[in-house]
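No value in this document is a laboratory result; all are computed from the given coordinates. Predicted model, so just to flag it, every value in this text is computed and none were measured. Cβ atoms come from the backbone with ideal geometry, glycine included; neighbour counts cover every protein chain shown.
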Amino acid sequence: MKWLVFSYSLPSNLTAASRVRIWRKLRKSGAVSPKLGVHVLPYNDDCVETVRWLATEVEQESGEAIVMQVDRFENLSDDKVIDIFRNERMADYQQIEAFVAELEKLLEAHRVEQAKDPNKVVSIKRDIRKLRKNIDEVSRVDFFQIYDKRSLLERLHHLQKTLLTGNLIFLFFFSMGALNPAALGEMKDELQIEEQIDVFPNDDIKLKRAQVN
């Protein structure tokens, strides 16, 4: 199996913000680090482009970067490298699962009460959108396809439907004079959008990894 190996160094006077920015981009690429200072990705066109872009970022900060293509590691089997990818991606998915479970418990325990509070409803909707984005980001770097993201998307879709029911309750409270017209207008717009949401709005994104956020 072919691998991409990426290593870089940054000048000592570089700001912490710049260092963190590059680290986050490297993390988002799905690279793993089996050895200190060495980052590995599977060899494919997308990863080649990503690593070249990262090298350019480093050089623009007056740093140094090296990119190598290797067929194997002398002291590290392909299976071991793949296991590292799988473990990191599974950790990412488990973190997302934990957040989804928290939202499920929250809605189950306080469904009607939250429907009366538009701010809480909007906050939960924001969390769901963020989780959908996180799932897509992780699945894009799940190079060895260890996880079927559809199960998480189904759970988020169910949460979305639960909130839709809550919005109907919200409208009921408005009819009783408990809510203001501005909040009603926003909620009506959201209702129209939610009714058109597909269960898997981003299912065209193919799983690439063996992803991991």
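With neighbours defined as other Cβ atoms within 10 Å of a residue's Cβ, the residues TYR93, TYR43 order from fewest to most as TYR43, TYR93.
Among residues other than PHE73 with Cβ under 14 Å from its Cβ, the summed charge is -1 (Lys and Arg +1, Asp and Glu -1). Annotation: amide H of LEU76 has no partner in the under-5 Å range at sequence separation 5 or more or interchain, hydrogens built in the peptide plane. Compute the signed sum of charges (Lys and Arg +1, Asp and Glu -1) over the other residues within less than 15 Å, Cβ to Cβ, of ILE22. Net local charge, ILE22 excluded: +3. For region 23-40, backbone phi angles converted through the Karplus equation (6.51, -1.76, 1.60; θ = phi - 60°) give residue-by-residue couplings of 4, 5, 5, 5, 4, 5, 5, x, 5, 10, 10, x, 9, 4, x, 10, 10, 10 Hz, Gly and Pro being listed as x. Pairs from the table (LYS2/LYS28; LYS80/LYS130; LYS105/LYS149) lying more than 23 angstrom apart at Cα are LYS80/LYS130. Taking square-rooted eigenvalues a ≥ b ≥ c of the alpha carbon gyration tensor, is region 3-70 rounded, prolate or oblate, where a/c under 1.5 means rounded and, failing that, a/b exceeding b/c means prolate? Here region 3-70 falls in the prolate category.
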